[in-house]
Amino acid sequence: MKRLIIIVLCAWFGVLNANMFTSLFSDHKSFAVGDILTVEISEQSKATSSSQSRTGRTMDHNATLNAGQGSLGFIPLSGVGGSSSNNFRGDANTTRDASLSSRMTVTIIDIDDNGNLIIKGSRIVTINGEDEITTLQGTVRSQDVGANNTVNSNHIADARISYTGKGPINEGSRVGVISRIFNFLF
């Protein structure tokens, strides 16, 4: 009977949540659409791929006629021969290594039915006429947000992180149209 009274009192005062049981001593944060979070972006990826292919074919054909004998002795020694060879060897290796470290502020644009925070943000930094653009969007559990309103990028579900550049340096490093056509054809 005492347990039932305690449960009813806790529910009355809003200590128990219908969806989950939480500790009375933990830090609970309330988030709303439009609130700001800081994201610590620390991403690293590495991929390696290699393949080898080898084929070979050799054909040899040979026919020989001997000198004529008897009344056919006037026929000289003759022979026919042929040879063909075809070899192919192909090797390919690909290695990609990338890392991105940054810190940026994003906005909560929605809160789903489970209480997860839908975040989105962008940041543009201009250095010597070159724009460096970082965009981020994804879903964060409210429990993963730290005491100082920060969250690590590896705690973001469905994360979409983009880092691009615009300006003369970026344009100068692009492959030209004619080179792209030749690379496509050959």
Search the stretch 47-58 for residues that are on the phi > 0 side of the Ramachandran plot and pair each with any residue that is modelled with pLDDT of 80 or more and not in a strand (DSSP E or B) when their beta-carbon atoms are under 9 Å apart and the residues are at least 6 apart or on different chains.
-> none
Among (1) surrounded by 10 or more Cβ atoms within 10 Å (Cβ to Cβ); (2) at pLDDT 65 or above; (3) of a type outside the set (Lys, Arg), where does Asp112 come up short?
-> (1)
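The values are calculated or read from the model by the stated rules, or taken from the named source; none is laboratory data. Since the model is a prediction, treat every value here as computed from it, not as a measurement. FYI the Cβ positions are ideal-geometry reconstructions off the backbone, even for glycines, and counts take in every protein chain you see.
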